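Participant: This is the structure I have questions about; it appears just below.
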Amino acid sequence: MNKRSRDHGVHAVATSRNVDTAGILANPAAMQVFNAHGVHTHTMELDRRTLLGTVGAATATSLAGCIGDGGSDSEAAARIGMVYATGGLGDGSFNDQAQTGIVRAEEELGIAYDESQPESTSEFATLQQQYAQSADPAYDLVCCIGFLQADALTENAEQYPDQQFMIVDSVVDADNVGSYVFAEHEGSFLVGLLAGRLTTMEFEAGAGSTAGDSTNVGFVGGVESDLIKRFEAGYTAGVKYASEDVDVQTAYVGGFNDPSGGQEAALSMFDSGADIVYHAAGNTGTGVFQAAQEAGGFAIGVDRDQSLTKPSYSDVILASMVKRVDNAVFSAVDEVVNDAFEGGSTTALGLEQNGVEAVYGDELGSEVPQDLRDEIGTVREDIIAGDISVPTDPGNV
């Protein structure tokens, strides 16, 4: 653990509540609990956050901490700084999943934490630096959430060699950085299989339906990048596994916090004959759900079970490709607390490690035909066993 003094900080206390999770697509038993390994899932009351101070004259970003009933950092097992991806908390997806991990660490490990919500990618470097430079309090670990932070972290890791960092969704080759990556393509294959099968049958549930003679489904990405293309590649491969006759319409909106752009892209797909659209676009995906309701189609969420985090759209959310960013955050913090943090290491999390998983929608999942649920369960095991190889590049599908 970083031994710099933490004597004058504020102990962070957050409130949360447990929520039930939906059934794993891989498991044919209806609505089984996703949390098979004792992992807590939380939702946060975001308005309880207290702003501690502005980051700079040119930004509106703040270091947001949770001020508790008392105590100091000297009583905390470690102090953690969180730099979220653009799109902020409340996205019901990527950032909220990361926050679930730090809240779990607070509750189970006794750490304290502060968090920052950048409004643009240009703020990543400054926020990382502010945590690394801080001596009152000092931070034992700075968590950098999202691949767009990699360039800034590459420079800052070298500039602050005594500061421990972790990053999600990218690999930064530095002795003081732990990197966590996921096999997004594997989980996306499963929801692609679901979409490819359902679009070729007449299926009705909640507020959506499929025509049975559809020849395409859709995928909406945030920023076009190697990372998001892994979602696209896995999804497309899963669709093609279901039926070679079904094509995938693809659109990249260009950001992770543009619901109107997501809605426009998805509506275009629905108008062109798609009846199911999967997104990997953060808060931009909220617009995909809006479009599904408007068009009477279906959507597939990402990163968290979005039928629970976006309950007003649960009547069109068939499933979500859950990405356990919370586990990555918790694991890194746990290693820091136990003096076992390994900078320069990369941890890969796929289906086998429950790092990614596909879960049925809370409202609609039970309507999915049992034979399709069984097939998806079998395919999951085939991927883990290596009998099905899932591409990571859409050009190789």
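The values are calculated or read from the model by the stated rules, or taken from the named source; none is laboratory data. Source: prediction; values computed, not measured. Reconstructed Cβ throughout: ideal geometry from the backbone, glycine too, with neighbour counts over all protein chains shown. The accessibility values were calculated without ligands, DNA or RNA, using every heavy atom of the protein model including side chains. Shrake-Rupley method; radii C 1.70, N 1.55, O 1.52, S 1.80 Å.
Participant: Restricted to the stretch 132-153, and to residues that are in contact (Cβ under 8 Å) with a residue 40 or more places away in the chain and of a type in the set (D, E, K, R), which residue is farthest from Ile228 (Cα to Cα)?
Facilitator: Taking the candidates together, the pick is Asp136.
Participant: In this structure, is Thr236 under 19 Å from Ile376 (Cα atoms), open to solvent by 10 Å² or more (accessible area, probe 1.4 Å) and of a type in the set (Ser, Thr, Tyr)? Break it down into steps so the answer makes sense when it comes.
Facilitator: On the way: under 19 Å from Ile376 (Cα atoms): yes; open to solvent by 10 Å² or more (accessible area, probe 1.4 Å): yes; of a type in the set (Ser, Thr, Tyr): yes.
Answer is yes for this residue.
Participant: Can you pull out the residues in the stretch 110-136 that are within 15 Å of Ala76 (Cβ to Cβ) and modelled with pLDDT under 95?
Facilitator: Asp136
Participant: Determine whether Glu224 is open to solvent by 50 Å² or more (accessible area, probe 1.4 Å) and without any contact (Cβ under 8 Å) to a residue 24 or more places away in the chain.
Facilitator: no
Condition check ((1) open to solvent by 10 Å² or more (accessible area, probe 1.4 Å); (2) among the hydrophobic types (A, V, I, L, M, F, W, C); (3) farther than 30 Å from Lys310 by Cα; (4) assigned to a helix (DSSP H, G or I)) across all residues:
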| position | (1), (2), (3), (4) |
| --- | --- |
| Gly92 | no, no, no, no |
| Asn95 | no, no, no, yes |
| Glu106 | yes, no, no, yes |
| Ala138 | no, yes, yes, no |
| Ala152 | yes, yes, yes, yes |
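For every residue, the table says whether it meets (1) open to solvent by less than 10 Å² (accessible area, probe 1.4 Å); (2) without any contact (Cβ under 8 Å) to a residue 60 or more places away in the chain.
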residue	(1), (2)
Thr86	no, no
Thr100	yes, no
Leu109	no, no
Glu115	yes, no
Glu123	no, no
Gln130	no, no
Tyr160	no, yes
Val168	yes, no
Asp175	no, no
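Participant: So, in the stretch 228-257, exactly how many residues are in contact with a Gly (Cβ under 9 Å, 6 or more places away or on another chain), part of a strand (DSSP E or B) and not aliphatic (A, V, I, L, M)?
Facilitator: 3
Participant: Still on this structure, please answer the following. Among the numbered conditions (1) farther than 20 Å from Ser345 by Cβ; (2) not in a helix (DSSP H, G or I), tell me where Ser179 comes up short.
Facilitator: (1)
Participant: Now for a different question. Could we say that Val142 is open to solvent by less than 40 Å² (accessible area, probe 1.4 Å), in contact with a strand residue (DSSP E or B) (Cβ under 9 Å, 6 or more places away or on another chain), part of a loop (DSSP other than H, G, I, E, B) and not small (Gly, Ala, Ser) here?
Facilitator: no
Participant: Give me a count of the residues in the stretch 376-393 that are surrounded by 19 or more Cβ atoms within 10 Å (Cβ to Cβ) and not in a loop (DSSP other than H, G, I, E, B).
Facilitator: The number of residues fulfilling the criteria is 4.
Participant: Just checking, how many residues over the stretch 177-215 are open to solvent by less than 40 Å² (accessible area, probe 1.4 Å) and of a type in the set (Lys, Arg)?
Facilitator: 0
Participant: Suppose we filter Gln293, Gln306 for residues that are open to solvent by 30 Å² or more (accessible area, probe 1.4 Å) and not basic (Lys, Arg); which single one remains?
Facilitator: Gln293
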